[in-house]
Amino acid sequence: MTYSLHKKRIWVAGHNGMVGSALVRKLTKCGHEVLTVGRDTLDLTNQSQVNDWIAQNKPEAVFLSAAKVGGIYANSTYPATFLYDNIQIAANIIHAAYQQKIEKLMFLGSSCIYPKESSQPMREEYLLTGALEPTNEWYAIAKIAGIKLCEAYRKQHGADFISVMPTNLYGPGDNYHLENSHVPAAFIRRFHEAKEANKSSVAIWGTGTPLREFMYVDDLADACIFTMENYSDHSFLNIGTGKEISILDFANLVAKTVGYKGEITIDTTRPDGTMRKLMDSSKLKALGWCPSYTLEEGLKMTYDDILVNGGKNFLENVGAKKMQVKNA
Ligand SMILES: NC(=O)c1ccc[n+]([C@@H]2O[C@H](COP(=O)([O-])OP(=O)(O)OC[C@H]3O[C@@H](n4cnc5c(N)ncnc54)[C@H](OP(=O)(O)O)[C@@H]3O)[C@@H](O)[C@H]2O)c1
């Protein structure tokens, strides 16, 4: 172990988000002391507020999982916000962490940092070897800046700052917004609503053949904590399951999870998107980490959580509880 989180004051920046809340759950379960602060008290795009909060609260380790996150529509409508907010959040926290001698920091990126036409599976060294996907380049460039900041502060100042790139995630705390959701959340919502409306069929976009990788967010939290304690180097690490599934098979699995019994059809007039998107996570695997949950288990836990606690921009708490009684 290169670094122990035992008895450290650990700040999870972005604790209200899907990833941040999974990190808080896991760290708390392990008995760690976790510091959190809401956006109403601390705006992470403000350097002096970040400096003051760190000076007052003295975290020793930081998980940087705060970010302005959104889908293609949000990225293309608000490019300046995505670029500015994400660069500021990363730069403010990383710079303050260096100045105030925080022992260890982890920056969370995303697989969109890789070139649009990247070879598959995507290895860490493929970063900056080609043009980015234009629809989310604002976000990707800010994330690449975050990775490079960690590298630069390590190189120039010897700071123990690392970065990880998670694959596509799903789980409790996900965003089910119609325009902003990722594939797992979008499918869960569509199949749940189709079940409630007794729809005879649901069409998915494209041929259903593109291959994707999905990870349950609690597995990601576990991988982040493992990496924080067992890894210290300038190169970032991919975090994925190494398992691929076709979009059609994934749709069938989600339908089964939510209890939708109608037909699933393909709409080949719609685009497929990239045919294969898989992370090469062999470096992380070689360190000794592997995921705990299968896709079936993770989807079941996600849907059970929605029925009990509701889903962001989807089912309200009260409605969800009524639904649970109805389904019982
Ligand atoms: N979700 C995925 O599939 C996925 C996949 C790969 C990587 N990641 C990475 O994981 C990280 C977290 O993602 P997520 O899905 O957990 O996103 P999320 O649910 O949108 O959470 C982001 C958090 O950041 C906070 N935040 C944003 N701007 C802030 C500001 N100016 N001041 C204070 N807090 C601010 C948000 O606060 P509010 O709650 O107040 O808005 C929210 O709690 C991101 O870096 C993302 O790229 C996510």
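The values are calculated or read from the model by the stated rules, or taken from the named source; none is laboratory data. Quantities reported herein were computed from a predicted structural model and do not represent experimental measurements. Note: ideal-geometry Cβ built from the backbone for every residue, glycine included; neighbour counts use all protein chains shown.
Please go through the range 76-94 and give me each residue that is at pLDDT 95 or above and small (G, A, S), ordered by number.
A80, A90, A91 - these are the residues of the range 76-94 that are at pLDDT 95 or above and small (G, A, S).
Quick one: which strands (runs of 3 or more DSSP E) lie wholly within the range 193-292 and hold at least 2 residues that are within 30 Å of C150 (Cα to Cα)?
Passing ranges, in order: 214-216, 237-239.
Is there any pair linking a residue in the range 190-218 that is at positive phi to one that is part of a helix (DSSP H, G or I), with Cβ under 6 Å and at least six apart or on different chains, and which?
The qualifying pairs are G208/I247; G208/L248.
Do the conditions hold for A140, that is, is it crowded, with 19+ Cβ neighbours inside 10 Å, of a type in the set (G, A, S) and more than 17 Å from D222 (Cβ to Cβ)?
yes
Quick test for you: out of L211, L178, L220, pick the one residue that is more than 17 Å from the chain's Cα centre (by Cα) and within 27 Å of W289 (Cβ to Cβ).
From the options L211, L178, L220, the qualifying one is L211.
All but one of (1) within 13 Å of the ligand (Cβ to nearest atom); (2) more than 20 Å from M215 (Cα to Cα) hold for A55; which doesn't?
(1)
Can you go through F214, F226, F191 and tell me which one is surrounded by 23 or more Cβ atoms within 10 Å (Cβ to Cβ) and either closer than 28 Å to I87 by Cβ or at pLDDT 95 or above (or both)?
Step by step, each of F214, F226, F191 is checked, and only F191 is surrounded by 23 or more Cβ atoms within 10 Å (Cβ to Cβ) and either closer than 28 Å to I87 by Cβ or at pLDDT 95 or above (or both).
Please state which one of T45, T81, T36 is β-branched (V, I, T) and over 26 Å from G171 (Cβ atoms).
T45
Filter the range 48-75 for residues that are exposed (fewer than 15 other Cβ atoms within 10 Å of the Cβ), in a helix (DSSP H, G or I) and in contact (Cβ under 8 Å) with a residue 40 or more places away in the chain and give the result.
If the condition is that a residue be exposed (fewer than 15 other Cβ atoms within 10 Å of the Cβ), in a helix (DSSP H, G or I) and in contact (Cβ under 8 Å) with a residue 40 or more places away in the chain, then A55, N57, I72, Y73 are the ones that fit.
Consider V12 carefully, then state whether it is at pLDDT 95 or above, in contact with a Gly (Cβ under 7 Å, 6 or more places away or on another chain) and crowded, with 17+ Cβ neighbours inside 10 Å.
Considered against the rule, which asks whether it is at pLDDT 95 or above, in contact with a Gly (Cβ under 7 Å, 6 or more places away or on another chain) and crowded, with 17+ Cβ neighbours inside 10 Å, V12 comes out as yes.
What is the one condition in (1) loosely packed, with under 14 Cβ neighbours inside 10 Å; (2) assigned to a helix (DSSP H, G or I) that G31 does not satisfy?
(2)
So, in the range 9-52, of the ones that are near the ligand (Cβ under 9 Å from one of its atoms) and of a type in the set (D, E, K, R), which residue ends up farthest from the chain's Cα centre (by Cα)?
Here the answer is D40.
On the given criteria, is G259 surrounded by fewer than 15 Cβ atoms within 10 Å (Cβ to Cβ) and either within 30 Å of S235 (Cβ to Cβ) or away from the ligand (no atom under 16 Å from the Cβ) (or both)?
yes
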